[in-house]
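Working notes, beginning with the structure itself.
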Amino acid sequence: MKAKTRETNKQHEYGMQTKLIYGRSKSAKWDYNHHVIPPISSSSTFRLDTAKRGAKGFAEFAHHHDGEKIQSKVPIYIYDRLGEPNKELLEEHLAAAEGGECAVTFSTGMAAISAVLGALTGIGDEIVAHQTLYGCTYSLLTNWYPRYQITTRFLNLGDTLNLRRHITERTRVVYFETPVNPTLELIDIEAVAEVVREANKHRPPARKIYVVIDNTFASPFCQRPLELGADFVVASLTKGICGFGTDMGGVVVGPEWSYDLLMLYRKDFGGALAAKSAWPILVYGISSLALRMKQQIRSAAEIAKFLEDDERVERVHYPGLESFPQGALAQKQMRDYDGSFAPGSILYFILKGKTPKIRHDRGETFINYLARHAYSITLAVSLGHIRTLIEHPSSMTHSAIPLDQQIANGMDPGGIRLSIGLEHPDDIIHDLGSALDVND
């Protein structure tokens, strides 16, 4: 009896963990016949054979017709800001990772957020945003957008009835993070998308509302909002996707029709990702994302339990804890590519203290001790790196938000954000325990 033969490559569906490494085995963006790893592109401008070819390249840039992209068999590269091989290979990987039709990269996460919101809104429009956001996003919406007569209504988007009541004719975008930075509160993506879908039934296509989600905290390994009904995903590539703390970047992933709009925005506003940053994110970052996240999630669960069991800690927010108040929602929407629960690598915890001032001071003492004495924990902003990073959101990453508003929105002045790296969890627990002992 003949042994059963393996499926052919065309029949076999390779897993996303493998696709994050290989991307497309063949791509017009580069010649894969002679390179195992894509070479780094270091040219800001590209030689053109003829003026006619240059004119054709400009004519093809960000130009679709009736849904079909007009492009030569091989891209005509002209200038880095318009496009170059490393960025476009990375964009193919990122679109696949998030389950989107297209991706456009930018120089930073904030450049990506600015691009998608700037592309979708205009004078007189309104953005509905969750009441707690990353401090720089909050600053963008409150300091800069009002100058363009674009207003933002901050709501608790955990209450979808509240969202339904506050959508108006001016609303063009519903924007939020989930998990929320830094409290790790979750927003039900499917529920919000359903409210927006119902509202769009009564609106002309030109006034459609779009759901835009910052997926930086979860990364596409733990959560893919587009699969749950979101229209666009933004992320800081600087964080979990890069993973090594070496390069900055941002991305917008969305429907195919948005590609031209986002590319034109990048061209005209200039926030292009550098090729020398795209290359390591492509070669080292996204290809190792699954491996890093699996280890970081295992460590985060162990460290969260240690902190929760310590009587000097008031509470710990981590979607993987049984005590997490939104555990059912976490189980529903935070899933890895294999369908396993993936609660992420970020913790938020608060030390005990009778007043916000006492909790703040204890948190500061705790962090300062770690900054001076810890070996496995670093006082630094950012997250998703191979090193464990700790910071004080109230006075650091979210300081643009007034203190009274922080408290009203559920951010405790003593709250501490901990991003788990690849160190052995026992070492992280040792350093945390030493800081708790000194702080006792």
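Structural remarks
- With protein chains left intact and a 1.4 Å probe, residues in region 328-376 average 50 Å² of accessible area per residue.
- Sorting 39-48, 324-333 by their mean Cβ neighbour count within 10 Å, with the most densely packed peptide first, gives 324-333, 39-48.
- Correct option for percent of Cα pairs over 30 Å apart [calculated from the coordinates] among (1) 61; (2) 50; (3) 46: (3)
- Relative packing of peptides 369-376, 430-437, 133-140 - highest average C-beta neighbours within 10 Å first: 133-140, 430-437, 369-376
- Inter-label distance for Trp144 and Asn162, nm, one decimal - labels placed 7 Å from Cα along Cα-to-Cβ: 2.7 nm
- Shape class of region 41-168 from the Cα gyration tensor (axes a ≥ b ≥ c, square roots of the eigenvalues): prolate, since a/c reaches 1.5 or more and a/b is larger than b/c.
- Distant-in-sequence amide H partners of Leu379 (H built 1.01 Å from N, under 5 Å): Ile390
- Separation in nanometres of the label points that stand 7 Å from Cα toward Cβ, at Arg315 and Lys276: 4.7 nm
- Solvent-accessible area per residue for region 394-438 (1.4 angstrom probe, square angstrom): 38 Å²
- Looking at region 38-188, the DSSP beta bridges with both ends there are about 25 percent antiparallel.
- Using C-alpha pairs below 8 Å separated by at least 6 residues, the relative contact order for region 119-237 is 24 percent.
- Rounded to 5, the percent of DSSP beta bridges in the chain classed as antiparallel: 55 percent
- Three-way shape call for region 367-440 based on the alpha-carbon gyration tensor, with the a/c threshold at 1.5: prolate
- Gyration tensor verdict on region 99-231 (Cα atoms; rounded if a/c is under 1.5, prolate if a/b is larger than b/c, oblate otherwise): rounded
- Near-label residues of region 276-304 by backbone N, under 18 Å of a point 7 Å along Cα→Cβ of Ile40: 276-288
- Within the accessible surface of the chain, defined with a 1.4 Å probe on protein heavy atoms only, the carbon and sulfur portion equals 54 percent.
- Whole-Hz couplings from phi, Karplus 6.51/-1.76/1.60, listed for region 306-315; x for Gly and Pro: 4, 5, 5, 7, 7, 5, 8, 9, 5, 7
- Ordering 192-201, 12-21 by mean Cβ neighbour count within 10 Å, with the highest value first, yields 192-201, 12-21.
- Quarter of Cα convex hull surface for region 238-379, i.e. mean projection, nm²: 12.3 nm²
- Across the chain, the relative contact order, built from alpha-carbon pairs under 8 Å that are at least six residues apart, equals 17 percent.
- FRET efficiency for the Arg207 to His63 pair, using the beta carbon distance and R₀ = 22 Å, is estimated at 0.30.
- Pairs beyond 25 Å (Cα-Cα), from Lys87/Lys267; Lys29/Lys208; Lys267/Lys294; Lys294/Lys352: Lys29/Lys208; Lys267/Lys294; Lys294/Lys352
- Two-site FRET efficiency, Asp361 against Arg47, from Cβ-Cβ distance with R₀ of 51 Å, rounded to 0.05: 0.25
- Among Ser299, Tyr348, Val211 - extreme Cα towards positive end, dipole of the chain, charges at beta-carbon: Val211
- Solvent exposure of region 85-161 amounts to 31 Å² per residue of accessible area, where only protein heavy atoms count and the probe is 1.4 Å.
The values are calculated or read from the model by the stated rules, or taken from the named source; none is laboratory data. Predicted, not measured: the structure shown is a model, and the values here were computed from it. Note that each Cβ is placed from the backbone with ideal geometry, even for glycine, and that neighbours are counted across all protein chains shown. Accessible surface areas use protein heavy atoms only, side chains included; no ligands, DNA or RNA. Shrake-Rupley method; radii C 1.70, N 1.55, O 1.52, S 1.80 Å.
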